[in-house]
1. Here are some conditions: (1) over 21 Å from His159 (Cβ atoms); (2) open to solvent by 20 Å² or more (accessible area, probe 1.4 Å); (3) of a type outside the set (Ser, Thr, Tyr). Gly88 meets all but one. Which one does it not meet?
2. Do you know which residues across segment 41-81 are open to solvent by 60 Å² or more (accessible area, probe 1.4 Å) and within 18 Å of Gly121 (Cβ to Cβ)?
3. Out of Leu126, Leu131, which single residue is touching a helix residue (DSSP H, G or I) at 6+ places or on another chain (Cβ under 8 Å), open to solvent by 40 Å² or more (accessible area, probe 1.4 Å) and within 18 Å of Phe69 (Cβ to Cβ)?
4. Can you pull out the residues in segment 148-163 that are open to solvent by 20 Å² or more (accessible area, probe 1.4 Å), of a type outside the set (Gly, Ala, Ser) and outside any loop (DSSP other than H, G, I, E, B)?
5. List the helices (runs of 4 or more DSSP H) inside segment 1-112, counting only whole elements, that have at least 1 residues being touching a Ser or Thr at 6+ places or on another chain (Cβ under 6 Å).
6. If I ask for residues that are of a type outside the set (Ser, Thr, Tyr), outside any helix (DSSP H, G or I) and touching a residue at least 40 places away in the same chain (Cβ under 8 Å), which ones from segment 165-186 would you list?
7. Among the listed residues Ile225, Ile166, which satisfies the condition of being open to solvent by 50 Å² or more (accessible area, probe 1.4 Å), among the aliphatic types (A, V, I, L, M) and modelled with pLDDT of 90 or more?
8. Do you know which residues across segment 29-83 are under 30 Å from Thr199 (Cα atoms) and β-branched (Val, Ile, Thr)?
Amino acid sequence: MPRKISLDDPTRLYNSDFLERITRAHPAEPFFIFIPIVLALMAYTLISGPNSWYLVVGVFLAGAFFWTFCEYILHRWLFHYEAKTAFGKKQMRLIHGIHHQFPNDTDRLVIPPVAGLTVAGTSYCLYALILGPWLAMPFLAGWVTGYMGYDFTHYSTHHRKPLTRIGRTARRRHLLHHYRYPDACYGVSTGLWDWVFRTTEKYAKTDGKDHGGPQGIWEILDNKIV
């Protein structure tokens, strides 16, 4: 369960305890929810489906890879959308701005269960239209597994000391995004798409994107790196 917060907690978004609860999530919640779903989808597809196991596994891996692309696209163009109206700015603060303001708040690191299940269900319908129902299941399972990898990496970059070179690279890239280049280094689980779309630290420097810290809803209020 998310931590208990008081009405005067600066990280709180709503006076309603119910609304506040469904916009927060303990970092472990997605794993308890989605691991059984992934296992069930793969088991059902492999046992009852018409496709060979190697095609199912290949589609699963394709779904996991596709997640990394979606992660980049969502982070860059949706989560960092520069809203012009007061209503839009409020929605962007809910979607992602609150995480930039309080980057070490453990309840704002992963997608809340209600939103996660809604996105997963909608995504399955879309993938089923494109791939058919049987291939959509392993593709969704891979996509969700990629998302869980993102969640684990995101939590680790904020709250764990990396023990591997890959972990240190991921942590450095993400903390540069938070504390120096809010419009670069969008990839969390991988830096591949930052390289493809030229939004790495290298291009942030040469394009003059070092703003000395984000402003507005991206202003950092809790800037302690744990």
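1. Only one criterion in (1) over 21 Å from His159 (Cβ atoms); (2) open to solvent by 20 Å² or more (accessible area, probe 1.4 Å); (3) of a type outside the set (Ser, Thr, Tyr) is unmet by Gly88, namely (2).
2. Once the filter is applied, which keeps residues that are open to solvent by 60 Å² or more (accessible area, probe 1.4 Å) and within 18 Å of Gly121 (Cβ to Cβ), segment 41-81 yields Tyr44, Phe66, Leu74.
3. Numbers: Leu126 fails: touching a helix residue (DSSP H, G or I) at 6+ places or on another chain (Cβ under 8 Å).
Selected residue: Leu131, the only one of Leu126, Leu131 that is touching a helix residue (DSSP H, G or I) at 6+ places or on another chain (Cβ under 8 Å), open to solvent by 40 Å² or more (accessible area, probe 1.4 Å) and within 18 Å of Phe69 (Cβ to Cβ).
4. Just the residues of segment 148-163 that are open to solvent by 20 Å² or more (accessible area, probe 1.4 Å), to begin with: 149-150, 152-153, 155-156, 159-163.
Now narrow it down to the ones that are of a type outside the set (Gly, Ala, Ser): 150, 152-153, 155, 159-163.
Scanning segment 148-163 gives Tyr150, Phe152, Thr153, Tyr155, His159.
5. Numbers: elements: 17-22, 29-48, 53-73, 86-92, 98-101.
Helices (runs of 4 or more DSSP H) meeting the threshold: 29-48, 53-73.
6. To start, the set of residues in segment 165-186 that are of a type outside the set (Ser, Thr, Tyr) comprises 165-168, 170-178, 180, 182-185.
From the residues that got through so far, the ones that are outside any helix (DSSP H, G or I) too are 180, 182-185.
Those that are of a type outside the set (Ser, Thr, Tyr), outside any helix (DSSP H, G or I) and touching a residue at least 40 places away in the same chain (Cβ under 8 Å): Pro182, Asp183.
7. Numbers: Ile225 fails: modelled with pLDDT of 90 or more.
Sole residue among the options that is open to solvent by 50 Å² or more (accessible area, probe 1.4 Å), among the aliphatic types (A, V, I, L, M) and modelled with pLDDT of 90 or more: Ile166.
8. Val59, Thr68, Ile73
The values are calculated or read from the model by the stated rules, or taken from the named source; none is laboratory data. Please read all numbers here as calculations on a predicted model, not as lab measurements. Cβ: placed from backbone, ideal geometry, glycine included. Neighbour counts: every protein chain shown. With ligands, DNA and RNA removed, areas are computed over all heavy atoms of the protein, side chains included. Shrake-Rupley method; radii C 1.70, N 1.55, O 1.52, S 1.80 Å.
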